[in-house]
Amino acid sequence: MNTLEDRLRDAYRAAAETVRPEALLPDAILSPPNRGRGRPGHGRLAIPLAAAAAVIALAATGAVLLPRAAPGLGGRSTSAGGRPSSADRQPSSADHQPSSARAQPPPAPLTTPGYFVALNWMQRPYMLVVNATTGAQGQRISLPFPAKDLTSVATGDGQTFVVAAPEGQCRTSLYRFSLGVDGTPTALTPFTTVPGVIPTPWDMAVSGSGQTVAYDALACGQRSGPQSGTPQQGFLAVVNTATGQTKRWTFQDNTDSGGHVSISADGGVVGIRNRVLDTSAAPGSLAAHSRVVATDGEFGPSTVLGGLTVSPDGRTGYFSTFRTANDKPVWGSFRLRAFDLATGQTRLVRSFSGVDVHVMFDPTGRYLLAGSVVLTAPTTKLARLDIATGQLTQLNTSWAVNPEIAW
């Protein structure tokens, strides 16, 4: 079967051709750092659409449907600002006591930030602060290095942000910066390096404390590209940046996972492609230690899945679905669905007129930003959805070119 990127490329081409070369920045990035997930020839004006397709290519075609309610998932008693998981805190003697005997610190107060950070990752590098109420552009975030590509930006509390910058073929440097209440960013400062190359904007997530970073990457030393003829080994890593402790779960790239990583605020639940994982699970095979949320064809014979995003409280997974016809997406068929990780029940949240719906929560979990590519041009619409009321507010985002959002 063709990949979902193949399915989307032809459907997007008409929109992509509306962009003239002079409309792009002179030093626009026409392809992300190669991790072997793409195909030759993606460095064209159609790349904004191929990049969008990369998000939708997160669906795990042919995956075996595992039990829907994973132990420890969805029944979590912590709020978004509650007690950190084992991945987010240092071991202590309390870890050997029954959970009921452990002291539970009060939840940290959470508010919805007035600003978010957007990374138009196909341009060199174009990271900016955006007003979360209006969509108006704020300050661009300057880099302390002139010639480094940024592949991802993430936050767990809307105040401290982590930026990924690959270093060679086998490691990624992580930088941090903060936003003031008025949306003014601080300078980026380096704080750690992790193994592997974090390849795209949707391959890294950060817990609410900022201490746990989850990401996926290909193992080093492999020939890049599907033309190598052998399956590529990848891994999901969860890193405690304070202690350096890392856990890994392995997978074969393009077959049973990889891509679109999200994490709950307490660092206890990770979403990756169409799976969820409790980070207390033993290291090993991702397929063996995670659970499938949904599969292609589950919502109709011609329906496939987009990326999965875990809510901050770790109770719900949000994912998009869309119909296909003649192996291409049907415009306007995108639906955002919510999956209760405890009960296994799925509900429809909202329908969208565009294609490639992906979402990002604010730290409270009350609001989410939904991005969708429109048919008339390869630009992205952003809308803020109030989960409690269902109210949808469109933002003014003429600047957006399939951006990654960190809120």
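Conditions (1) assigned to a strand (DSSP E or B); (2) crowded, with 22+ Cβ neighbours inside 10 Å; (3) of a type in the set (V, I, T), marked per residue:
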residue	(1), (2), (3)
T364	no, no, yes
G371	yes, yes, no
N396	no, no, no
A400	no, no, no
I405	yes, yes, yes
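The set of residues in the range 257-294 being in contact with a strand residue (DSSP E or B) (Cβ under 7 Å, 6 or more places away or on another chain) and among the aliphatic types (A, V, I, L, M) consists of V261, I263, V269, V270, I272, V276, L277, L286, A287, V292, V293, A294. Scanning the range 172-181 for residues that are touching a residue at least 24 places away in the same chain (Cβ under 8 Å) and surrounded by fewer than 17 Cβ atoms within 10 Å (Cβ to Cβ) yields one hit, V181. Among the candidates A164, A187, the residue that is among the aliphatic types (A, V, I, L, M) and in a strand (DSSP E or B) is uniquely A164. Taking every residue in the range 393-407 that is without any contact (Cβ under 8 Å) to a residue 40 or more places away in the chain and farther than 11 Å from L382 by Cα and pairing it with any residue that is of a type in the set (D, E, K, R) and surrounded by 19 or more Cβ atoms within 10 Å (Cβ to Cβ), at least 6 positions away or on another chain, yields no pair with a Cβ-Cβ distance below 6 Å. Filtering the range 253-288 down to residues that are acidic (D, E) and either surrounded by fewer than 19 Cβ atoms within 10 Å (Cβ to Cβ) or not in a loop (DSSP other than H, G, I, E, B) (or both), which residue is modelled with the highest pLDDT? So the residue we want is D278.
Residues that are at pLDDT 90 or above, part of a helix (DSSP H, G or I), under 24 Å from G371 (Cβ atoms) and acidic (D, E) do occur in the range 198-207. Return yes or no: is V374 among the hydrophobic types (A, V, I, L, M, F, W, C) and at pLDDT below 85? So V374 fits the description; yes.
The values are calculated or read from the model by the stated rules, or taken from the named source; none is laboratory data. Remember, predicted model here, so these are calculated numbers, not experimental data. Ideal geometry is used to build each Cβ from the backbone, glycine not excepted, and the neighbour counts take in all protein chains shown.
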